[in-house]
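Beneath this line is the structure, given in structure tokens, with notes to follow.
The values are calculated or read from the model by the stated rules, or taken from the named source; none is laboratory data. The model shown is predicted, which means the values in this text are computed figures rather than measured ones. Here the Cβ positions follow ideal geometry from the backbone for every residue, glycine too, while neighbour counts run over all protein chains shown. Protein only, heavy atoms only, side chains kept; ligands, DNA and RNA dropped before computing areas. Shrake-Rupley method; radii C 1.70, N 1.55, O 1.52, S 1.80 Å.
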Amino acid sequence: MTAASNGVSYLVFDVEAVADGELVSRVRYPQDRLSPDDAIQRYREELLAETGRDVLPPSFMLPISVAVAKVTADYRLIDLAVLDEPQYRPHVMTRGFWQGWRHYGRPALVTFNGRGYDLPVLELAAYRYGIPLPDWFNVGAKSYEQFRNRYNLEAHIDLMDLFTNFGATRMVGGLNLLANLIGKPGKTGIDGSQVQGMYDAGRADEINDYCRCDVLDTYFVFLRTRVLIGKLPLEEEQAIVHETREWLTARAGDSKAYAHYLEHWGDWHAPAE
């Protein structure tokens, strides 16, 4: 981690994505001449029948929301923004994300399952749009110094890896469960499976509000994991949580996402001695 003098040591982020129907049609069903919508629908039905879930793999997805929180070395929230608002253009969000990571001195990325979904979406988008990322794909470095090395926690902290011991077990309930365990909202009516339908209905702003809330959940889970691994005293974590709630309250009048998050806020209390 090489945080810049601006104080940004971590970028906590989340990506929501939608299927590229033309690509699905060309790659999956080249002989059938399906429309983009029909190709997506067929693929989702096939996945649902095969796996019980109709979520397309990252290789067929385009980012439609990228929300990023800037966090200091002592784990305090500086800012939270969605990229390219209100146009939400995939190529602009992709370029902006990687430029921001570089601008802030390549701070550590913090995600929940980012290694399995969010980063592949942004990496493939950079490939698609011809955006060079030699400092992220630093394949000439020693393996343990490469940013994409699974165990390089100075480059990327995937909280799912932490809780699953790098895939040795499953984290049933995911981010939603972890957020609820510490009194934070988690999922409150929207989840990732609804994003495609919301996008098709022209509800991009709502998707980005949902993405903001996912980043807040990830941030608070990140804080508690710092307590878990001995990097942050519980009393200090609770002080930061209080500060962040005040930060959200001060901005809730101008942000539906923050107002919604605060409406579903639940308090957490340490067990009695």
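Helical runs assigned H by DSSP (4 residues or longer) give the chain a calculated mean residue ellipticity at 222 nm of -13500 deg cm²/dmol, each run adding -39500 (n - 2.57) before division by the residue total.
I'd like to know how the range 33-77 sits against the 2.2 N^0.38 Å rule of thumb: what's its Cα Rg over that expected value?
Working: Rg = 17.3 Å, N = 45, 2.2 N^0.38 = 9.3 Å.
Its radius of gyration relative to the 2.2 N^0.38 Å reference: 1.85.
Between rounded, prolate and oblate, where does the range 191-259 land on the alpha carbon gyration tensor, with a ≥ b ≥ c its root eigenvalues, rounded for a/c under 1.5, else prolate if a/b exceeds b/c? Note, shape of the range 191-259 comes out oblate. A simple count of charges around Leu133, restricted to other residues whose Cβ falls under 13 Å of its Cβ and scoring Lys, Arg +1 and Asp, Glu -1, yields +3. When the chain is treated as a Gaussian network with alpha carbon springs shorter than 10 Å, the biggest mean-square fluctuation among Arg26, Arg95, Arg148 belongs to Arg26. The Kirkwood radius of the range 127-273, taken over pairs of alpha-carbon atoms, gives through the Stokes-Einstein law at 37 °C and 0.692 mPa s a diffusion coefficient of 185 µm² s⁻¹. Only the Cβ atoms of Lys and Arg (+1) and of Asp and Glu (-1) were treated as charged; on that basis the dipole of the range 131-223 about its Cα centre amounts to roughly 280 debye. Computed 3J(HN,Hα) for the range 71-77, one whole-Hz value per residue from the Karplus formula 6.51 cos²θ - 1.76 cosθ + 1.60 where θ = phi - 60°, is 9, 7, 5, 9, 6, 8, 6, glycine and proline marked x. A simple charge model with +1 on the Cβ of Lys and Arg, -1 on the Cβ of Asp and Glu and nothing else charged puts the dipole of the chain at about 700 debye relative to its Cα centre. The count of lysine pairs in the chain with alpha-carbon distances below 30 Å, taking only pairs 8 or more places apart or on different chains, stands at 10.
Can you give the FRET efficiency to the nearest 0.05 for Glu45 and His91, using r as the Cβ-Cβ distance and R₀ = 25 Å? It would help to have the intermediate numbers written out before the result.
Details: r = 29 Å, r/R0 = 1.18.
Efficiency, from the Cβ-Cβ distance: 0.25.
For the set Asp74, Asp214, the ranking by accessible area, highest first and with no ligand, DNA or RNA atoms included, is Asp74, Asp214 under a 1.4 Å probe. Orientation-averaged projection of the chain equals 16.2 nm² [convex hull of Cα atoms, one quarter of hull surface area]. Rounded to two decimals, the Cα-based Rg/Rh of the range 1-128, with Kirkwood Rh, is 1.07. When the residues Leu153, Leu23 are ordered by accessible surface, computed with a 1.4 Å probe over the protein chains alone, the sequence from largest down reads Leu153, Leu23.
Ordering Pro86, Pro63, Gly96 by the projection of their Cα atoms onto the charge dipole of the range 46-119, which places +1 on the Cβ of Lys and Arg and -1 on the Cβ of Asp and Glu, puts Gly96 at the extreme positive end.
What shape does the range 104-214 take by its C-alpha gyration tensor, where a ≥ b ≥ c are the square roots of the eigenvalues and a/c under 1.5 counts as rounded, a/b above b/c as prolate, and the rest as oblate? Judged from the Cα gyration tensor, the range 104-214 comes out oblate (a/c at least 1.5, b/c at or above a/b).
Can you tell me the accessible area per residue over the range 4-121, all protein chains present, probe 1.4 angstrom, in square angstrom? Walk me through the numbers before you get to the answer.
Working: 5180 Å² over 118 residues.
Accessible area per residue, the range 4-121: 44 Å².
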